[in-house]
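Just below is one structure, and these are the notes that go with it.
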């Protein structure tokens, strides 16, 4: 990989494309063997990697002192923290031990005697993955790519450059002794190279930007390659008129406060008018007790006026329209009243309409006792996650049981929500015949007709 | 719909988006009822539709006389041909009777007691479909969209404008009496409107251009909305050294000559050096007998020199490099020799590499007696269809048994190959809980742990 830093973006992309085709012909065992080798090599190179990492940490310390880097970034850089290196190593084995996402037959049809059709999962090809500065992430992403049979071009956050180069050198050397082609995993170092790679739509099949909104938007605006990612996580919850008050308090407080900086945290609360004076105050009090600021529309603010005391007054303010489209990523929540309406379903539809107009199609939730109301909400909300009486914070690959997560997608095609290994595959149709001709089925008396018989998988 | 021709592209797209969310909450039975109503209404309006169609036909006849329209287009316009109208009507019922692609649960996991995760197929949302001038296509596409729960904005070829307007008026009136919102199916009439709609990526989720390469390229180059389609169908076949000669002749002649203008027809033939003088001449003679011109590299041309006689000489010429990237759509075939090589798999890999470099990722085929060679070819070829000993002409939704076909995709994400109703769906994750909080699972002793138990579907 180090040797490739001098290659042009076109050469990098082309060599990745060629490698990807060979990678697609390897068995699951051959890909797993490469992950075993990767694990061993990284374990063996621990000292070299930590030495490189300490140079990143030292540079980051200087940057923090100079006031140009956040302390929290510095903390995430340090691979020598207790358990961190072991976690990285274990991560490779965990990915290795997941079910092979390649070669799964999802449809098998007997078209005619001796002529079968199969729909089989296969790698997408070449991924361009742009990721944050945590040094252990490169090992995880390399493992995911190899496991799913995809070649990957990687660009990591610049604060971890030394660590990434050390780890990628080890990866490169390790896979050189396996069936996985060396160009399957390539590291690039500058944003300029990334810009050029975004033009390589002949060779690169999918871009996965993991990082700031600005990065995601930049990528979306500057490439014809499909992009898997999410710029925003604007999650909403709706308290319906028949909500269980205890459930409402539990799931809304958790959605907002469990980890406010996460994309699956709650940003907007919709409250049915009929429960403004019953359920809502209890929810609001629990949120205020956790230090959450509430930006309320007039009705919801009025409902709280007699309930809040002392300092909590400063946490309640008037919402402006843009609050309903803001991802606060902080202890702030926008609150809006959904008018009660006697026609069946009208209030529910208004809540759904608000969400579809303002949310980022990430994860949205309803609190209700009614199964039919919940089902209508879950079908009507146009989001990757539609939740009933459960915290939006569950929208996560690990929590969904996917074993790992490449990212969360708010796209409407290919992959949505938390994306695991399956999201890095596509399918192809394999047809196996014995000299079959289409002309024999064209119906002008030549005799053959379709069987189209579903075969067991 | 007629009333909507005065709406702005933004209003058209927005109303489609709102309609799509309501459509997504309807049951399969409610969507099917709309198709039944559609069928009845079109049957009842037969005279009006045929009158409108006759105006299109008359205009086309004048255009043919003036030499500005092809006779074959004229023929396809005429809905009054025997059986044509009945076919259109039957098509709506056929789509109605397909399995509902919406609401299929493909994964169900018990995350913890009372907390379940489901992955459920759902409509994509709003489709923009641009299609050819055959008048019956609008009824088929409207039926596909409603069946799959998607709203659709339709633009058809201008030669059928009168027919489309008549049919869409009937569609509009018919669905007004059903649960399907009126704005679910909207017809637009000008290419200018289409250009503006391509900018509506907030509201439109997928564009499906069916038509000329130029149209597909124009759409791909002018929108951020995902595009499902194919610009080219450059299919290749490879005759391996161990091919069965009879099979080679049958499948290659069929792939090339069954319908040369189709995207799944053969354009390039790769021949293993060892069979240049054995199998290839038989294949070539069968092709020449059907009038196919062969553009040969020096070795393959030389192999034919002593075999061809008389007028056939004029059908064999020298290939130039661009022939291997040309979709002839005619009785022309490019031929290239794959060098024999003693290292196992080298020739096969060379054939695969040629295909991956030049093909359009549509459908490619190998003729071989060896299962392991065929499997390696099918895994290594980066195309939607990978065929063994069977004609490339089988790459078709009807032949695959999908019941219907929206189009063929050469994309590498979302949908590949012939796209049926399933290709018009995506999925969402539904989580049903009972007040579950993520904080209870964060591992710091609060006690709850994941079950991640696979539940039956």
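What percent antiparallel are the DSSP beta bridges of the protein assembly as shown, to the nearest 5?
Of all bridge pairs located within the protein assembly as shown, approximately 30 percent are antiparallel.
Grab the residue from chain B whose Cβ hugs the B-to-A rotation axis most tightly, plus its distance in whole angstrom.
Result for the B and A rotation: B:414, 2.
More than 11 Å apart: what percent of Cα pairs in the range A:224-265 qualify?
Tail of P(r) above 11 Å: 71 percent of Cα pairs.
For residue A:331, place a label point 7 Å out from Cα along the Cα→Cβ vector, do the same in each other copy, and report the separations in nm, one decimal, smallest first.
8.1
After finding the eigenvalues of the alpha carbon gyration tensor for the range A:235-399, what semi-axes result from the square roots of 5 times each, listed largest first in whole Å?
The three semi-axes for the range A:235-399 are 22, 19, 14 Å.
Evaluate Rg over Rh across the protein assembly as shown, taking Cα atoms for both radii and Kirkwood's formula for Rh.
Result: Rg/Rh = 0.99.
Quick one: what does P(r) look like for the range B:273-339 with 5 Å bins over all Cα pairs, in whole %?
The calculated distribution, bin by bin, is 4, 18, 32, 27, 16, 4.
From Cα coordinates alone, what are the radius of gyration and Dmax values for the range B:69-197 in angstrom?
18.3, 68
Among rounded, prolate and oblate, which fits the range B:175-248 when a ≥ b ≥ c are the square roots of the eigenvalues of its C-alpha gyration tensor, a/c under 1.5 means rounded, and a/b larger than b/c means prolate?
On the way: a/c = 3.59, a/b = 2.15, b/c = 1.67.
In terms of gyration-tensor shape, prolate.
Per residue of A:373-386, what is the mean number of Cβ atoms on other protein chains within 10 angstrom of that residue's Cβ?
Averaged over the peptide's residues, the number is 5.
Using the per-residue mean of other Cβ atoms lying within 10 Å as a proxy for protection, in what order, highest first, do the peptides B:410-417, A:322-329 fall?
Output ranking for B:410-417, A:322-329: B:410-417, A:322-329.
Two decimals is fine: what is log10 I(q)/I(0) at q = 0.20 Å⁻¹ for the range A:339-457, from a Debye sum with one equal scatterer on every Cα and no solvent?
Per q value, in the given order, log10 I(q)/I(0) is -1.11.
Let me check the size of chain A from its C-alpha atoms; what are the radius of gyration and Dmax in Å?
26.0, 89
With a ≥ b ≥ c the root eigenvalues of the C-alpha gyration tensor of the range B:1-103, is it rounded (a/c under 1.5), prolate (a/b larger than b/c) or oblate?
Judged from the Cα gyration tensor, the range B:1-103 comes out oblate (a/c at least 1.5, b/c at or above a/b).
Which whole number of Å³ per residue matches the convex hull of the alpha-carbon atoms in the range B:2-221? Mind dumping the intermediate values first?
On the way: hull volume 30.4 nm³, N = 220.
In the range B:2-221, the Cα convex hull volume per residue is 138 Å³.
Rg to Rh for the range A:307-400: what is it, with Cα atoms only and Rh by Kirkwood?
1.00
Per residue of B:221-230, count partner chain C-beta atoms within 10 Å of its C-beta, then hand back the mean as an integer.
2
Could you please state, rounded to a whole Å, how far the C-alpha centre of the range A:367-422 is from the C-alpha centre of the range B:321-350?
Between the Cα centre of the range A:367-422 and that of the range B:321-350, the gap is 47 Å.
Every other copy gets compared here: list the nm distances from the residue A:371 label point (7 Å along Cα to Cβ) to its counterparts, shortest first, one decimal.
Here the equivalent label points are 4.7 nm apart from this one.
Take the Cα atoms of the range A:27-76, find their three principal axes, and give me the spread along each one in whole Å, biggest first.
Extents along the principal axes, in whole Å: 50, 21, 11.
Provide the packing ranking of B:378-388, B:213-223, i.e. peptides ordered by the mean count of other C-beta atoms within 10 Å per residue, highest first.
B:378-388, B:213-223
Let me know the mean shielding of A:132-138 by other chains, meaning the per-residue number of their Cβ atoms within 10 Å of its Cβ.
Counting Cβ atoms of other protein chains within 10 Å of each residue's Cβ and averaging gives 0.
Among B:394-400, B:360-366, how do they line up by average Cβ neighbours within 10 Å per residue, starting with the highest? Numbers along the way, then the final one.
Working: B:394-400: 22.4, B:360-366: 28.3.
Put in order of decreasing packing, that is B:360-366, B:394-400.
Alpha carbon centre of the range B:195-214 versus the range B:30-78: separation in Å?
Here the two parts' Cα centres lie 24 Å apart.
Shortest first and in nm to one decimal, what separations exist between residue A:201 and its copies in the other chains, measuring from label points 7 Å along the Cα-to-beta-carbon line?
Spelled out, the distances from residue A:201's label point are 1.0 nm.
Post the alpha-carbon centroid distance, the range A:275-298 to the range A:227-251, in whole angstrom.
14 Å
So what's the back-of-envelope 222 nm ellipticity for chain B, counting only DSSP H runs of four-plus at -39500 (n - 2.57) apiece and dividing by all residues, rounded to 500?
It comes out at -11500 deg cm²/dmol, rounded to the nearest 500.
Any read-out appearing in this document is the output of simple, stated calculations on the displayed coordinates, not a laboratory observation. Being a predicted model, the structure only gives us computed values, none of them experimental. Virtual Cβ from ideal backbone geometry, glycine too; neighbours counted across all protein chains shown.
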